[in-house]
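Engineer: Quick one: the structure is below, questions incoming.
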Amino acid sequence: MRTQVGIVGAGPAGLLLSHLLHLRGIDSVILELRSRAYCESRVRAGVLEQGTVDILNAAGVGDRMRREGLPHLGIELRYGGAGHRIPFERLVPGRAITVYGQQEVVKDLIAARLEAGGAIHFEVPDVELHDLDTATPSITFQGQRLECDFIAGCDGFHGVSRPSIPEGVLTVYDRVYPFAWLGILARVKPSSEELIYAATDDGFALHSMRSPEVSRFYLQVPLDASLDDWPDERIWAELRNRLETVPGFTLASGPIMEKGITPMRSFVAEPMRYGRLFLAGDAAHIVPPTGAKGLNLAAADVRLLAEAIGHWYATGSADLLDGYSEACLKRVWRAQHFSWWMTTLLHTFESDDAYGRRLQRSYLDYVTSSEAAATTLAENYVGLPFEPFGTLDA
Ligand code: APR
Ligand code: PHB
C-alpha cells in the first residue's frame with residue numbers, strides 16, 4: 001500500500017489532520033487501534049476554544065457544532081460561599097468557548113472523512129513504524145506495509161509513535177498530581193447556564209454540560225480512588241457538598257450514564273518530530289484537564305502540521321517542517337502553564353500547609369477582583385490567537 005501521509009490514531013488529532021490534508025489535495029491513511037464505535041463513544045473533553053471552532057468551521061466540518069454546540073461567554077469560580085463570574089464578553093470581546101463533546105467532534109470528522117472517500121482502518125492492533133530517519137518511512141500492520149512520505153503520530157499518550165523514537169532523542173518533562181478526577185455524565189438538565197469551577201476545603205468540583213438535557217461533572221478524588229468507592233448516591237452527595245455553597249443554588253440530579261476516573265498529569269516530549277515522523281496531540285503532550293486544553297492543543301498542532309506538509313508538497317521546501325516542533329511547543333508550553341496554574345489555583349493539596357492555603361485563597365480573591373488578573377485567565381481560557389506560520393496568519 002502507498003499513501004502520502006500515514007496517520008496513526010483516529011482521535012481528534014489524526015482525523016482533523018487527515019481532513020486538513022485532504023483539503024490540500026494530499027492523501028492520507030489513518031490506522032486506528034480501536035473500533036469506530038469505541039472512538040465515537042469515548043466521553044472525553046467538552047470545551048472548544050475560539051480557535052478550534054474557527055478551524056472546524058473553516059474546514060467545513062462545523063455544521064452540527066454550530067447547531068448543537070453551546071457558546072459560552074463566561075465561567076464562574078465558586079469558593080468561600082460566593083460565585084464570581086469571569087465575563088469573557090468584557091475581558092476578551094469577540095472570543096468565547098463552545099461546549100461541544102469531543103466525541104461529537106470525532107463523529108463529525110469520521111463522517112466527513114468517509115464521505116470524502118478517506119481511508120480509515122479501524123481495529124488495527126499491530127501498528128509498527130519503520131525507517132523514520134529515511135525518505136521512505138513505512139508502517140506495517142496486519143501483514144501489510146504502508147509506504148508513505150510522512151508519518152503523523154496521533155496515537156495519544158499510550159500510542160506506539162513516541163516510543164518508536166530512539167532512546168536519547170527526546171527530552172521528556174513530566175509531572176503527576178497527587179489526585180485524580182472522577183468524571184460523571186448524567187441525564188439531567190444542567191443546574192447552571194455556565195461552567196462552575198468550585199474550590200472547597202473538601203476538594204475541587206466542576207459543573208459542565210453537554211446539552212440542555214445532559215450534564216457533565218468532575219470531582220477531585222484521591223489518586224487511589226476506585227469507582228467502587230463512589231456509588232451514585234455518594235457522587236451526588238459530594239457534588240452537592242461542593243457546589244451548593246452559594247445562596248439559592250440547588251443541584252439537580254438524575255441517572256448517571258457514565259463515570260470514570262482520570263489521573264492528572266502534565267507531560268511534554270520534545271522535539272515533536274524525528275525524521276519523517278511528526279507527533280501531534282496527546283502523543284506529544286498531556287495537560288491536567290482543568291484548563292480544558294487537551295483537545296484544543298491537538299487541533300492547533302495539526303493545523304500547523306497540515307500547513308507544513310502542504311508547503312513541502314507545493315514547494316519542496318522543508319522549512320515549515322523544520323519549524324513545526326518549535327512552533328507547536330510555544331503554544332503547548334503556554335497551555336501547560338495555564339493548565340498547571342488553573343489546577344493549583346482550584347484544587348486542594350494535602351501537602352499544602354495553612355500558609356499555602358491562604359496564598360491560594362488570596363490568589364482566588366485577586367483573580368476575581370482584578371480586571372488584569374481576570375483577563376489573564378479569560379484570554380488563556382478562550383485560547384490565545386494563533387501565531388503566523390507559513391500562509392497561516394495570526
Ligand atoms: N495504533 C493505532 N491507534 C492507536 C494506537 C496504536 N498503537 N494507540 C492508540 N491509538 C489510538 C487511540 O485508540 C485513539 O483513538 O490513537 C487515538 C488517539 O486519540 P486521543 O487519545 O484522543 O488523542 P488526540 O487525538 O491527540 O486528542 C487529544 O483526546 O484524550 C483526549 O484529553 C485528550 O482531549 C484530548 C484529546
Ligand atoms: C468538560 O465539559 O468535559 C470539561 C469542561 C471544562 C474543563 C474540563 C472538562 O476544564
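The values are calculated or read from the model by the stated rules, or taken from the named source; none is laboratory data. These numbers come from a predicted model, not from an experiment. Positions of Cβ are generated from backbone atoms using ideal geometry, with glycine treated the same way; all protein chains shown enter the neighbour counts. Keep in mind that these areas ignore ligands, DNA and RNA; they rest on the heavy atoms of the full protein, side chains included. Shrake-Rupley method; radii C 1.70, N 1.55, O 1.52, S 1.80 Å.
Engineer: If ligands, DNA and RNA are left out, what is the accessible area of Tyr355 with a 1.4 Å probe, given in Å² to the nearest 10?
Structural biologist: It works out to around 150 Å².
Engineer: Something else about it: Would you calculate a helix-derived [θ] at 222 nm for the chain, using -39,500 (n - 2.57) for each DSSP H run of n ≥ 4 and dividing by the full residue count, to the nearest 500?
Structural biologist: Numbers: 11 runs with 138 residues, N = 394.
After summing the helix terms and dividing by the residues of the chain, the value is -11000 deg cm²/dmol.
Engineer: Enumerate the calculated ³J(HN,Hα) couplings along segment 57-62 in order (Karplus 6.51 cos²θ - 1.76 cosθ + 1.60, θ = phi - 60°), each rounded to whole Hz, writing x wherever the residue is Gly or Pro.
Structural biologist: 5, 5, 8, x, 10, x
Engineer: A follow-up question, please. Estimate the FRET efficiency between Ala111 and Ala314 by the formula 1/(1 + (r/R0)^6), using the beta-carbon distance for r and 25 Å for R0, to the nearest 0.05. Let's see the in-between values first.
Structural biologist: Working: r = 28 Å, r/R0 = 1.12.
Calculated value: 0.35.
Engineer: May I ask for the distance between the Cα centers of segment 1-71 and segment 371-394, given as a whole number of Å?
Structural biologist: 22 Å
Engineer: Would you mind computing Rg(Cα) / (2.2 N^0.38 Å) for segment 130-192, counting N as its residues? Could the numbers behind the result be given before it?
Structural biologist: Details: Rg = 19.4 Å, N = 63, 2.2 N^0.38 = 10.6 Å.
That works out to 1.82 for segment 130-192.
Engineer: Between Ala372 and Tyr355, what is the spin-label point distance in nm, taking each point 7 Å from the Cα along the Cα→C-beta axis?
Structural biologist: 2.6 nm
Engineer: If you don't mind, there's one more thing I want to ask. Give the angle, between 0 and 90 degrees and rounded to the nearest 10, that separates the Cα long axis of helix 102-115 from the longest principal axis of the Cα atoms of the chain.
Structural biologist: Long axis of 102-115 versus the principal axis of the chain: about 30 degrees.
Engineer: Next question, about the same structure. At 4 °C and 1.567 mPa s, what whole-number value in µm²/s does Stokes-Einstein give for the translational diffusion of segment 118-240, with Rh from the Kirkwood sum over Cα pairs?
Structural biologist: Numbers: Rh = 18.8 Å.
The diffusion coefficient I find is 69 µm²/s.
Engineer: Which of the lysines could a cross-linker span from Lys330 if the Cα-Cα distance has to be under 26 Å and same-chain partners fewer than 8 positions apart are dropped?
Structural biologist: Excluding near neighbours in sequence, the set is Lys293.
Engineer: Tell me, which longest segment in the chain has none of the GluC sites (Glu not before Pro) that fall in DSSP loops with at most 16 further Cβ atoms within 10 Å? Spell out each step's value before the answer.
Structural biologist: Numbers: sites that count: Glu123, Glu167, Glu193, Glu213, Glu244, Glu350.
The segment 1-122 is the longest one with no such site.
Engineer: Rounded to whole Å and sorted largest first, list the principal axis extents of the Cα atoms in segment 199-305.
Structural biologist: That works out to 56, 32, 25 Å along the principal axes.
Engineer: Averaged per residue, what accessible area in Å² does the chain show with a 1.4 Å probe, protein chains only? Don't skip to the end; give the middle numbers.
Structural biologist: Values: 16470 Å² over 394 residues.
So the chain comes to 42 Å² accessible per residue, rounded to a whole number.
Engineer: Given contacts defined as C-alpha pairs under 8 Å and at least six residues apart, what's the relative contact order of the chain, whole-number percent?
Structural biologist: Once normalised by length, the contact order is 20 percent.
Engineer: Quick one: Debye curve from the C-alpha atoms of the chain, no solvent, what's log10 I(q)/I(0) at q = 0.06, 0.08, 0.09, 0.11 Å⁻¹?
Structural biologist: Evaluating at q = 0.06, 0.08, 0.09, 0.11 Å⁻¹ gives log10 I(q)/I(0) of -0.24, -0.42, -0.53, -0.79.
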